[in-house]
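Engineer: Quick one: the structure is below, and I'll ask about it shortly.
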Amino acid sequence: MSGTRFTDIRWFGSIDSTNRYLLDEARAGAPAGVVAVADHQSAGRGRLGRTWEAPPGSNLLVSVLLRPDLPPDQRHLASAVVALAAVGAVDAVLGLGLAIKWPNDLLGADGRKVAGVLAEADLAAPAGPVATPGPPIVVGIGINVNWPAGDEDLPPELVGLAASLRQIVGRPVDRDAVLDAMLFGLEHRVADLDTVAGRIRQSDDLRSRCSTIGSWVRVELSDRWFEGTATDLTPEGHLVVESATGTQTVIAGDVVHVRPGS
Ligand code: BTN
């Protein structure tokens, strides 16, 4: 896309996973800024080892290779900027305000999930090219653009939990317009990752879009869970929760689930 660093956009009719593809390209030395877009994925990856599925030609399935100069405890900001760029794109193209459910979901106004973000890093990969030597972080996003067309398309267990932009606005949505707007908006957000002031700007944006703040949540970690009120995000993008035992700071990479509490 001209005017941005995303000039190398690789399109696939079908591929196993755009995240897998870009991670392998990164290990072979690909520079930051390469984008992979697929019409269909045969083994799309979701969080927690789940699969991410969509019928061919219906939704946006995109991954971006980043090599940001980020302190290790701020890596969540790499996936946050992609989520924020997607929110901005949907706003620009459709006038629709999505919220970010921390850490990685994009929700419509009624709380149904419209998109998910999966960041995968390979910290042991060889350095990238001189201009962008940092370790690769591949950030993939799946946006339900035109599928499901209606609830009848969804498996029963997802009815009420997932929706598409098409369902929300009541007409088919142009995938390319959303992709273009997302990459355009991502340019300045990715540039922000390399400076202290920029990272604060992005974490401020994340905070202002984060619907988790103010709600009672149940936080499930690999070895324990607790409940409390999500009160804030730290500048690194971690979730601050006030629980019965005090203030707890939850790191995106450690969390299994953040659900509404009971
Ligand atoms: C989630 O579980 O919510 C995250 C889903 C991420 C899916 C996207 S689709 C494009 C990219 N390639 C993948 O294999 N996964 C991500």
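Engineer: Do the conditions hold for PRO68, that is, is it more than 15 Å from GLY253 (Cβ to Cβ) and open to solvent by 50 Å² or more (accessible area, probe 1.4 Å)? Full working, then the answer.
Structural biologist: Working: more than 15 Å from GLY253 (Cβ to Cβ): yes; open to solvent by 50 Å² or more (accessible area, probe 1.4 Å): no.
Criteria not met by PRO68.
Engineer: Within the group ALA43, ALA38, which residue is of a type in the set (A, V, I, L, M), surrounded by fewer than 22 Cβ atoms within 10 Å (Cβ to Cβ) and touching a Ser or Thr at 6+ places or on another chain (Cβ under 6 Å)?
Structural biologist: ALA43
Engineer: Please indicate, with yes or no, whether at least one residue in region 162-178 is open to solvent by 10 Å² or more (accessible area, probe 1.4 Å), under 23 Å from LEU66 (Cβ atoms) and of a type in the set (S, T, N, Q).
Structural biologist: Within region 162-178, not a single residue is open to solvent by 10 Å² or more (accessible area, probe 1.4 Å), under 23 Å from LEU66 (Cβ atoms) and of a type in the set (S, T, N, Q).
Matching residues to (1) in contact (Cβ under 8 Å) with a residue 40 or more places away in the chain; (2) away from the ligand (no atom under 11 Å from the Cβ); (3) in contact with a Phe, Trp or Tyr (Cβ under 8 Å, 6 or more places away or on another chain); (4) under 29 Å from THR234 (Cα atoms):
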| site | (1), (2), (3), (4) |
| --- | --- |
| GLY3 | yes, yes, yes, no |
| SER14 | yes, yes, no, no |
| ASN19 | yes, no, no, yes |
| GLY29 | yes, yes, no, no |
| VAL37 | yes, no, yes, no |
| GLY46 | yes, no, yes, yes |
| ASN59 | yes, no, yes, no |
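Engineer: Would you mind finding the one in GLY134, GLY160 that is at pLDDT 95 or above, under 30 Å from ASP254 (Cβ atoms) and either assigned to a loop (DSSP other than H, G, I, E, B) or not assigned by TED's automatic domain parsing to the domain that holds ASP73 (or both)?
Structural biologist: Answer to the check: GLY160.
Engineer: Then there is this: Residues in region 226-236: is at least one open to solvent by less than 10 Å² (accessible area, probe 1.4 Å), in the same structural domain as ALA85 (by TED's automatic domain parsing) and touching a residue at least 24 places away in the same chain (Cβ under 8 Å)? Don't jump to the end; show me each part of the working.
Structural biologist: Of region 226-236, the ones open to solvent by less than 10 Å² (accessible area, probe 1.4 Å) are 228, 230, 233.
Next cut, in the same structural domain as ALA85 (by TED's automatic domain parsing) only: none.
Taking every residue of region 226-236 in turn, none turns out to be open to solvent by less than 10 Å² (accessible area, probe 1.4 Å), in the same structural domain as ALA85 (by TED's automatic domain parsing) and touching a residue at least 24 places away in the same chain (Cβ under 8 Å).
The values are calculated or read from the model by the stated rules, or taken from the named source; none is laboratory data. Just so we're clear, the structure is a prediction, and the values are computed from it rather than from any experiment. Here Cβ is always computed from backbone atoms with ideal geometry, including for glycine, and neighbour counts include all displayed protein chains. Side chains included, ligands, DNA and RNA excluded: accessible areas come from the protein's heavy atoms. Shrake-Rupley method; radii C 1.70, N 1.55, O 1.52, S 1.80 Å.
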